[in-house]
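Every number here is computed from the coordinates shown, using simple stated rules; none is lab data. This is a predicted model, so every value here is computed, not measured. We place every Cβ from the backbone using ideal geometry, glycine too, and count neighbours over all the protein chains shown.
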Amino acid sequence: VKRSKKSGRTEVYQTRAFDLAREQFGIETALRRAIDGGLMTLNFQPICDLASGRIISFEALARWTTEDGVELSPTEFIPVAEESGLIVPLGRWAMDEAARTLAAWDERAGGNCDVKVAVNLSAIQLQRDQVAPMVRHALDSHGISGDRITLELTESAIVSDPDRIAQTLLALKDLGTRLAMDDFGTGYSNLEYLQRLPIDLLKIDRSFVSGMLADRDKLAIVRAILSLSQALGMQTVAEGIETNELAQTLAALGCDYGQGFLYARPLSEVDAYALLRKRNA
Ligand code: C2E
Ligand code: MG
Ligand code: MG
Ligand code: MG
């Protein structure tokens, strides 16, 4: 051990750990500033009825444009936000921004523009924030009714404290929101929650959907999820649809809705509204 210290290995390691800690702190500080300073935006990706192609809702996806103009993906900053607890203010901002956007679209439409918005909820948010009052506050601030909002949660959210989560989800249902299980099939939870929790929608993870035409095992999993959701009276969204063939196959299998680059990439608020008017005309 002494020798390795003398050889400098420990020193190198300590410097690296220090750099990493400092970098982490730097990212956290920058993230906090971005949330407070308007550097965060939401993009909106349509979720379409597979049979008609009509846009039913948009999923709100966070984007962070840094001060030097670089756009960071949520897969990079959501983990930092979760570790640092900044996911609570970030999640509050996202919910408020989603409700504000719906109100802006309604105003442009001269009435209810007849589309919903889906907002992602992190497991950490569900543990640490008062999510139902937070959502109600956002809805009230912008005069939006709860049935315009779908909340997407992941299986990891329900593992930690099932009783508390059940209460929160019931309170969210009382507000009129719909609840979706995101990335369904990739978590480690047992399926018992599906009969106990008020879940309305299952979103079949892209990892099963995108390869299902070439891989019989993936196709079998997709079929199983579809029949499970039908039996439980839930609706289904397939994620990651990039081809027409995939959309048609999923529709034939009885999947209700689809989301993916075939329909559109995540769009700005303005472009999403324009697409809505064009597609649903
Ligand atoms: P998600 O909720 O499963 O969102 C879907 C992701 O798949 C999005 O990535 C979307 O751009 C991508 N996607 C959609 N269609 C396709 C397709 O056809 N092909 C491919 N290759 N990808 C597609 P994005 O925007 O990078 O978001 C990644 C994840 O970050 C989201 O996964 C979600 O878990 C998380 N996230 C994004 N915004 C928020 C937020 O406001 N709050 C929280 N808690 N999480 C968020
Ligand atoms: Mg999602
Ligand atoms: Mg998803
Ligand atoms: Mg996903």
Nearest 10 degrees is fine. How inclined is helix 131-142 to the longest principal axis of the chain, computing both from alpha carbons? 60
I'm a student and want to see the number: the projected area of the Cα convex hull of segment 67-224, averaged over all directions, in nm². 11.7
Give me the number: length gained by fully extending Ala109 to Asn190, i.e. 0.36 nm times residue separation minus the C-alpha to C-alpha distance, one decimal in nm. 24.8 nm
With x for Gly and Pro, the residue-by-residue ³J(HN,Hα) of segment 186-192, computed from phi through the Karplus equation 6.51 cos²θ - 1.76 cosθ + 1.60 at θ = phi - 60° and given in whole Hz, is 9, x, 10, 7, 7, 7, 4
Residue-wise HN-Hα coupling along segment 50-65, computed from phi with Karplus coefficients 6.51, -1.76, 1.60 (Hz; x: Gly, Pro): 5, 6, 9, x, 5, 7, 9, 7, 10, 8, 7, 10, 6, 9, 10, 9
Using the charge dipole of the chain (Lys, Arg: +1 at Cβ; Asp, Glu: -1 at Cβ; taken about the Cα centre), state which of Thr186, Ser57, Gly233 has its Cα farthest towards the positive end. Thr186
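Order the peptides 160-171, 199-210 from the highest to the lowest mean number of other Cβ atoms within 10 Å of their residues.
Details: 160-171: 15.1, 199-210: 21.8.
My ranking of the peptides, most packed first, is 199-210, 160-171.
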Remind me, relative contact order of the chain in percent, using alpha carbon pairs under 8 angstrom and six or more residues apart? 18
For segment 109-158, Rg(Cα) over 2.2 N^0.38 Å is 1.29
What number comes out for the charge environment of Asn190, summing +1 per Lys or Arg and -1 per Asp or Glu over other residues with Cβ under 15 Å away? -1
What angle do you read, to the nearest 10 degrees and between 0 and 90, between the alpha-carbon axis of helix 74-84 and the longest principal axis of the chain? 60
Which far-off residues, 5 or more places away or on another chain, put their amide H under 5 Å from the one on Leu72, with H placed in the peptide plane? Trp64, Thr65, Thr66
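So if the hydrodynamic radius of segment 167-223 is defined as the Kirkwood radius over C-alpha pairs, what does Stokes-Einstein give as its diffusion coefficient at 4 °C and 1.567 mPa s, in µm² per second?
Value of D from the Cα-based Kirkwood radius: 101 µm²/s.
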Suppose the Debye formula is applied to equal point scatterers at every Cα of the chain; what is log10 I(q)/I(0) at q = 0.07, 0.14 Å⁻¹? -0.29, -1.05
Report, by chain and number, residues whose modeled amide H sits under 5 Å from the one on Asn120, excluding near sequence neighbours (fewer than 5 apart, same chain). Ala60, Glu152
Is there a quick way to get the dipole size of segment 24-66? I mean about its Cα centre, with the Cβ of Lys and Arg at +1 and of Asp and Glu at -1; what is the value in debye to the nearest 20? 100
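Across the chain, how many lysine pairs, 8 or more positions apart or on different chains, have C-alpha atoms separated by under 23 Å? Please give the number.
Total qualifying Lys-Lys pairs in the chain comes to 5.
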Two-decimal ratio, segment 45-141, of alpha-carbon radius of gyration to 2.2 N^0.38 Å: 1.20
Restricting to Cα pairs under 8 Å and 6 or more apart, the percent relative contact order of segment 92-206 works out to 24
Segment 132-281 - Rg and Dmax from Cα coordinates, angstrom: 16.6, 48
